[in-house]
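The values are calculated or read from the model by the stated rules, or taken from the named source; none is laboratory data. Model, not experiment: these values are computed from the prediction. Here the Cβ positions follow ideal geometry from the backbone for every residue, glycine too, while neighbour counts run over all protein chains shown.
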Amino acid sequence: MISKLIKKFYDEDIEDLCTRILYFFNTIDSFFIFAGVIATTICVPGEVSLPWFLLFGTIAIASILLSDFHPLFILFSIPHLLCIFILLNFPSSLAITSLVVCFGIVILIQFIFMGLPDSIVGRDLKIAFIKILNSIPTVAPTTCSISISLFFSWVLCLNLLVSQNAAVAPYSASFFTLFLLILAAVITHYFRPHTLISKFGKFPPQKQYFQKVVLLNIDGCRFDHFKALDMPTARRLEAEGTSLKDGAITVYRALTNPAFASILTATPPTIHGVKNNNFGQFIRTQGIPDIVNTQLYGSMHVKHFSKEEWSTQIISLPTTSIYGCDDVMVDQFKDDFISQPETRFFVLDFSEADFLGHAYGSHSKNYKKAIQRVDKKIGNVVDWLDEDERGNDTAVIVCSDHGMYHIDHSYLLFDEEKYVPCIVRGKGIAKNRSVLGEFSIMDIGLTVCFLLGVPYPKQSKGKVLIEAIEELDSQKLKAQVASQFNQIHYDLEAEVYDQDHPEILTGDYEWYRGKLHENCGNGSNKSQKILDFGCGTGFVSNIILKNKFPYEKLVCLDGSKEMLDAAKAKLNGAPNSHFVSSLDELQGEKFDIITINSVLHHFPDPCKLLITLEKHLNPNGLIIGGHEPSIQFSNNPLARFAGRIYKSLGGEVAFPEEMLDRFNQKLSGSNPDFPRVDQEEIQQIVDWHSPIEQSRDTIASNVGFNGEEFLRESLKSCNITCYEEYTTFFRRKSLEQFPVLQKLLEKGFHWVFPGNLFRYQARKREAV
């Protein structure tokens with residue numbers, strides 16, 4: 001009977017309106033405000049003081065939103081609640097009354113706007129009551145948690161009601177109460193989860209690997225269930241393609257609309273603008289459907305985050321029931337695949353598993369069987385594509401937008417909702433390959449673009465799963481891209497290097513001057529040939545000239561043309577000076593002294609580099625080097641913590657902001673379709689191939705060299721005649737506005753920590 005009525009009177013416009021209403025009450029951001037205000041209206045004992053009402057209400061709402069509904073806010077807000085009762089004399093009877101009213105509103109709304117609609121879609125009236133029962137023990141901060149929804153709506157209600165008492169209380173008590181609420185929000189905000197953005201790995205599209213890509217999304221599929229359940233199609237595709245061993249990581253928040261938008265744009269919610277499932281949040285940046293002909297299939301939520309100009313096929317859940325919608329979608333896809341040859345990207349969102357997980361719980365048989373049924377439907381799609389080689393030039397990607405915690409999405413990113421499957425399959429995709437590492441669902445969108453050979457979305461983040469491309473040497477490609485980025489970076493840095501690295505120009509000056517004086521400054525040997533390897537702007541070579549140390553030949557070598565030009569300008573026509581960009585130009589020439597300052601950590605294989613330089617050293621010749629990171633420092637937990645504090649104060653080594661435009665101009669010169677890169681991406685990719693790669697926390701454990709041991713292993717024909725560790729505080733322009741703070745940091749740094757750098761001298765033994 002219900003089904004007949006729906007089919008007769010229910011159209012797309014009505015479904016759109018109903019879905020928007022449901023989203024409003026299914027999203028805690030709007031739900032708690034509605035429930036709190038309604039409860040206040042019911043409980044208010046008299047006239048309110050409008051200014052205090054607005055002040056308390058605004059700060060309460062702002063604080064709760066800032067905390068992002070993290071459960072820790074409940075703990076941190078206890079002092080605020082105590083002040084309400086003690087300092088503002090809020091009556092306990094009214095507090096209990098408001099709590100009961102809020103509870104009634106929460107239950108009523110969950111039943112009307114969550115339980116009953118789901119019962120209609122799932123064709124099971126028990127769902128309405130099952131969801132309420134399941135929501136009682138759920139502590140995830142969502143509308144499916146009665147306790148969490150109740151607390152936040154009650155806190156808002158209390159603050160609105162207490163505004164009456166605040167009007168007659170001392171200003172100090174009122175403002176102190178509000179201050180404690182803001183403080184609780186700030187502390188909670190610090191601990192909330194954040195979206196993982198994979199370390200930079202966008203490579204210029206090599207070619208068109210596939211004419212079409214079909215993305216099959218199992219909405220709300222937990223990775224642990226995906227791996228454990230009997231799923232023949234999934235296991236087959238893993239054997240026939242490349243998969244992520246530990247799964248991909250969803251975005252924060254782990255909701256359908258933000259996650260799906262992140263896949264289609266390869267950007268986090270902070271960029272694409274879809275931060276929850278509520279209405280009115282459309283994608284506001286470029287997505288794959290803006291670049292290549294795309295067809296999207298799914299329930300009404302797909303329409304709500306997609307741009308109006310995108311092509312979407314909406315499957316009505318109330319009309320078809322959740323058990324029939326996926327079959328309708330598959331049939332429609334097959335027709336369109338044949339009739340739309342110009343469409344290159346098809347996206348199918350299988351909704352059944354997600355819906356039944358929300359209805360019965362993610363540990364229920366209903367949810368698990370739904371995932372297995374979707375597996376069969378995906379097998380149907382894959383088999384159909386394989387028929388008559390219909391999908392011969394098509395890549396298939398199986399993934400999920402998010403997992404599921406208990407019956408809903410928590411905002412905590414528990415493992416159950418954090419990790420999702422990802423498999424790529426097609427001709428030319430590596431078979432039975434399982435890739436390790438951290439991958440984001442945003443990387444799926446980048447991989448789609450790479451496979452299709454089209455430009456990436458303009459503000460895209462993350463990396464391409466190039467390990468899946470059988471013909472590609474992923475390490476070689478990474479090295480090529482890193483080399484290009486490094487070249488641009490150091491060319492631009494040449495003009496500001498001296499100003500940005502005072503720790504080298506001052507801290508290392510006396511060391512090099514002393515060592516050079518010992519070995520070539522006494523006038524006893526004027527025929528020495530010197531190689532300044534990785535000369536940069538000519539720091540070491542300039543020491544030789546300024547101190548008039550004699551030499552027969554001075555060779556400055558650097559891979560950056562701009563660095564070499566800066567060195568030329570600094571040396572200003574020094575006699576017998578030569579400038580080269582690679583060791584190949586030296587044709588095996590040998591030297592008496594090789595200097596190498598702050599260079600080793602920029603190379604992918606520093607041991608190999610030292611072995612090569614050793615071959616260019618005459619017997620009894622010297623290698624003088626320094627300003628290299630010590631692993632002893634990075635393994636110090638206190639040092640790593642200090643690094644994070646230093647970063648938060650603006651002291652992280654960063655590519656100058658004013659250089660960003662010039663960097664992107666140079667990059668687009670060779671790769672016109674390459675998306676603009678930002679500060680963080682430049683920092684990630686510069687020396688990306690280096691073992692001393694900068695971590696997200698500025699200082700990472702096991703980053704650096706094991707000093708003397710490393711030198712002995714690398715310079716086997718040399719004796720280490722001098723080795724010392726020393727401490728250098730890295731001053732940055734961003735800290736210059738806080739000179740007192742900078743001095744305190746510098747003194748504390750030298751006092752607390754062991755040497756973060758080391759320098760050395762090695763002499764090559766005479767030939768036997």
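Points worth noting:
Residue-by-condition table, conditions (1) in contact with a strand residue (DSSP E or B) (Cβ under 8 Å, 6 or more places away or on another chain); (2) in the same structural domain as Leu317 (by TED's automatic domain parsing); (3) over 30 Å from Val48 (Cα atoms); (4) not small (Gly, Ala, Ser):
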residue: Gly104; (1), (2), (3), (4): no, no, no, no
residue: Leu108; (1), (2), (3), (4): no, no, no, yes
residue: Leu116; (1), (2), (3), (4): no, no, yes, yes
residue: Ile127; (1), (2), (3), (4): no, no, yes, yes
residue: Asn134; (1), (2), (3), (4): no, no, yes, yes
residue: Thr143; (1), (2), (3), (4): yes, no, no, yes
residue: Leu156; (1), (2), (3), (4): no, no, no, yes
residue: Asn159; (1), (2), (3), (4): no, no, no, yes
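- Selection of region 422-454 for residues being assigned to a loop (DSSP other than H, G, I, E, B), under 18 Å from the mean Cα position of the chain (by Cα) and crowded, with 22+ Cβ neighbours inside 10 Å yields Phe439, Ile441.
- Only one of the numbered conditions (1) on the phi < 0 side of the Ramachandran plot; (2) at pLDDT below 95; (3) not β-branched (Val, Ile, Thr) is not met by Asp388, and that is (1).
- Scanning region 301-332 for residues that are surrounded by fewer than 21 Cβ atoms within 10 Å (Cβ to Cβ), part of a helix (DSSP H, G or I) and touching a strand residue (DSSP E or B) at 6+ places or on another chain (Cβ under 8 Å) yields Lys303, Val330, Gln332.
- Residues located in region 385-444, provided they are charged (D, E, K, R) and under 23 Å from Arg344 (Cβ atoms): Asp386, Glu387, Asp388, Glu389, Arg390, Asp393, Asp401, Arg425, Lys427, Asp443
- Which numbered condition Ser119 misses (of (1) free of Cβ contacts under 8 Å to residues at least 40 places away in the same chain; (2) exposed (fewer than 13 other Cβ atoms within 10 Å of the Cβ)): (2)
- Single unsatisfied condition, Asp349 versus (1) part of a helix (DSSP H, G or I); (2) within 22 Å of Gly403 (Cα to Cα): (1)
- Within region 154-169, residues that are assigned to a loop (DSSP other than H, G, I, E, B) sit with their Cβ atoms under 6 Å from residues that are surrounded by fewer than 24 Cβ atoms within 10 Å (Cβ to Cβ) and not charged (D, E, K, R), at 6+ positions apart or across chains, in these pairs: Ala169/Leu88.
- Scoring Gly426 on the criteria (1) at pLDDT 95 or above; (2) closer than 26 Å to Gly273 by Cβ; (3) of a type in the set (Gly, Ala, Ser) leaves a single failure, condition (2).
- Selection count, region 657-703, where residues are modelled with pLDDT of 85 or more, over 22 Å from Lys476 (Cα atoms) and buried (at least 19 other Cβ atoms within 10 Å of the Cβ): 1
Each row is one residue, and each column tells you yes or no for (1) assigned to a loop (DSSP other than H, G, I, E, B); (2) touching a helix residue (DSSP H, G or I) at 6+ places or on another chain (Cβ under 7 Å); (3) buried (at least 21 other Cβ atoms within 10 Å of the Cβ).
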{"position": "Phe226", "(1), (2), (3)": "no, yes, yes"}
{"position": "Arg235", "(1), (2), (3)": "no, no, no"}
{"position": "Asp246", "(1), (2), (3)": "yes, no, no"}
{"position": "Ala259", "(1), (2), (3)": "no, no, yes"}
{"position": "Ser262", "(1), (2), (3)": "no, yes, yes"}
{"position": "Thr270", "(1), (2), (3)": "no, no, no"}
{"position": "Asn276", "(1), (2), (3)": "yes, yes, no"}
{"position": "Ile283", "(1), (2), (3)": "yes, yes, yes"}
{"position": "Leu296", "(1), (2), (3)": "no, yes, yes"}
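- Taking every residue in region 328-349 that is farther than 21 Å from Cys399 by Cβ and pairing it with any residue that is assigned to a helix (DSSP H, G or I) and aromatic (Phe, Trp, Tyr), at least 6 positions away or on another chain, yields no pair with a Cβ-Cβ distance below 9 Å.
- Yes/no for Glu493 being more than 28 Å from Ile682 (Cβ to Cβ) and acidic (Asp, Glu): no
- The single residue among Val599, Val580, Val555 that is touching a His at 6+ places or on another chain (Cβ under 6 Å) and among the hydrophobic types (A, V, I, L, M, F, W, C) turns out to be Val555.
- Selection of region 583-617 for residues being of a type in the set (D, E, K, R) and within 35 Å of the chain's Cα centre (by Cα) yields Asp605, Lys608.
- Any hit, region 207-216, residues being of a type outside the set (Lys, Arg) and surrounded by fewer than 17 Cβ atoms within 10 Å (Cβ to Cβ): yes
- For region 72-87, a residue qualifies if it is surrounded by 19 or more Cβ atoms within 10 Å (Cβ to Cβ) and not hydrophobic (A, V, I, L, M, F, W, C), and the qualifying residues are Ser77, His80.
This table checks each residue for (1) of a type in the set (Gly, Ala, Ser); (2) more than 25 Å from Trp384 (Cβ to Cβ).
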position	(1), (2)
Ser400	yes, no
Gly403	yes, yes
His406	no, yes
Asp415	no, yes
Cys422	no, no
Lys427	no, no
Phe439	no, yes
Asp443	no, yes
Tyr456	no, yes
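- Of the residues making up region 337-359, those that are modelled with pLDDT under 95 and touching a Lys or Arg at 6+ places or on another chain (Cβ under 6 Å) number 0.
- Subset of region 55-70 (residues that are buried (at least 23 other Cβ atoms within 10 Å of the Cβ) and assigned to a helix (DSSP H, G or I)): Phe56, Ala60, Ser63, Ile64, Ser67
- Region 432-461, residues that are out of contact with any Gly (no Cβ under 7 Å at 6 or more places or on another chain) and either free of Cβ contacts under 8 Å to residues at least 60 places away in the same chain or under 22 Å from Glu417 (Cα atoms) (or both): Ser434, Val435, Leu436, Gly437, Glu438, Phe439, Ile441, Ile444, Gly445, Thr447, Lys461
- Failed condition for Phe549, given (1) in a helix (DSSP H, G or I); (2) farther than 30 Å from Ala479 by Cα; (3) without any contact (Cβ under 8 Å) to a residue 60 or more places away in the chain; (4) not basic (Lys, Arg): (1)
- Region 403-412, subset out of contact with any Leu (no Cβ under 7 Å at 6 or more places or on another chain) and in a loop (DSSP other than H, G, I, E, B), residue surrounded by the fewest Cβ atoms within 10 Å (Cβ to Cβ): Leu412
- Some residue of region 388-396 being charged (D, E, K, R), without any contact (Cβ under 8 Å) to a residue 12 or more places away in the chain, over 30 Å from Leu72 (Cβ atoms) and part of a helix (DSSP H, G or I): yes
- Residue ID - modelled with the highest pLDDT, chosen from residues in region 470-501 that are among the β-branched types (Val, Ile, Thr) and assigned to a helix (DSSP H, G or I): Ile488
- Looking across region 77-94, the residues that are closer than 22 Å to Leu65 by Cα and in contact (Cβ under 8 Å) with a residue 24 or more places away in the chain come down to Ser77, Pro79, His80, Leu81, Cys83, Ile84.
- Candidates are the residues of region 372-412 that are of a type in the set (S, T, N, Q) and farther than 22 Å from Asp327 by Cα; the one that is farthest from the chain's Cα centre (by Cα) is Asn392.
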